[in-house]
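Report on one structure; see the data block that follows.
The values are calculated or read from the model by the stated rules, or taken from the named source; none is laboratory data. Nothing here was measured: the structure is a model prediction, and the numbers come from that model. Note that we place each Cβ from the backbone using ideal geometry, even for glycine, and neighbour counts take in every protein chain shown. Ligands, DNA and RNA are stripped out before the accessible areas are found, and what is left, the full protein with its side chains, is counted by its heavy atoms. Shrake-Rupley method; radii C 1.70, N 1.55, O 1.52, S 1.80 Å.
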Amino acid sequence: MPQLRLHSYWRATAPFRVRIALRLKGLEFVYEPVNLLAGEQESAEYRVLSRQGLTPCLENNGDVLVQSLAIMEWLEETYRRPPLLPQDPVDRARVRAMAAIVACDVHPLNNLRVLKALAELGHPMGGPEQLAWGEKWIVDGFRALEPMVAAYGAGFAFGAEPTLADCCLVPQVWASSRFQVDLSPFPAIRAVYARSAEHPAFIGAHPDQQPDAPGRSATVGHASA
């Protein structure tokens, strides 16, 4: 039985990143759904695991890890093959920077907590002002990432194999459709996304394939590479 237990919500992009990393590493894990829209992340039971009440949360033999970037770095340090970071220190910094543009600068401004706060300020969920808000920050991030992917990519965002950059970028591209983002100005990013759609790890990690996705009957599932 897998020792790793991933607390995840099917369409949230932060756990999507970790699912990709787990599958790239070929690791089996138990999928524990947390329905963010239903507020399950606010339960006392879940708050014991994640003080912030956020997903993802990864359990490993009694240890609890939170924050997607920290979890993926732990996976990289614990399970060395295949590597998700290049060997050269400068290249590693570049990949980390690409990942951070998404995880630190783009995603936090269009996640559920922020959208709910905007709604409380009079900008309704899913309304034109929220769409414009989300689009602005995604486009700003993609404008920074596009030349980096064009310069360093060779099929994926940095080189010919997936890295932490792809773990972050692909979920954000997937989520961009919710904010009606025009991807035509970003051909290098679009090419990475198309390439990922052919890779088993990205296919298996896709939101539509998760046990808690609409139309799926299972509530808890085992996953493997």
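Worth a mention:
- Listed by first and then second residue, the pairs linking a residue in region 89-111 that is farther than 15 Å from residue 146 by Cβ and touching a residue at least 60 places away in the same chain (Cβ under 8 Å) to a residue that is among the aromatic types (Phe, Trp, Tyr) and buried (at least 20 other Cβ atoms within 10 Å of the Cβ), with Cβ atoms under 6 Å apart and 6 or more places separating them unless they lie on different chains, are 95/158.
- The set of residues in region 32-64 being more than 21 Å from residue 112 (Cα to Cα) and not in a loop (DSSP other than H, G, I, E, B) consists of 59, 60, 63, 64.
- The number of residues in region 13-32 being within 15 Å of the chain's Cα centre (by Cα) and open to solvent by 20 Å² or more (accessible area, probe 1.4 Å) comes to 2.
Here's the yes/no breakdown for (1) β-branched (Val, Ile, Thr); (2) at pLDDT 95 or above:
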residue: 60; (1), (2): no, no
residue: 63; (1), (2): no, no
residue: 73; (1), (2): no, yes
residue: 77; (1), (2): no, yes
residue: 85; (1), (2): no, yes
residue: 89; (1), (2): no, yes
residue: 92; (1), (2): no, yes
residue: 95; (1), (2): yes, yes
residue: 100; (1), (2): no, yes
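- The set of residues from region 79-104 being surrounded by fewer than 14 Cβ atoms within 10 Å (Cβ to Cβ) and charged (D, E, K, R) comprises 80, 81, 88.
- Residue tally, condition surrounded by fewer than 18 Cβ atoms within 10 Å (Cβ to Cβ), of a type in the set (A, V, I, L, M, F, W, C) and touching a helix residue (DSSP H, G or I) at 6+ places or on another chain (Cβ under 8 Å), over region 125-136: 2
- Scoring residue 163 on the criteria (1) surrounded by fewer than 19 Cβ atoms within 10 Å (Cβ to Cβ); (2) touching a residue at least 24 places away in the same chain (Cβ under 8 Å) leaves a single failure, condition (1).
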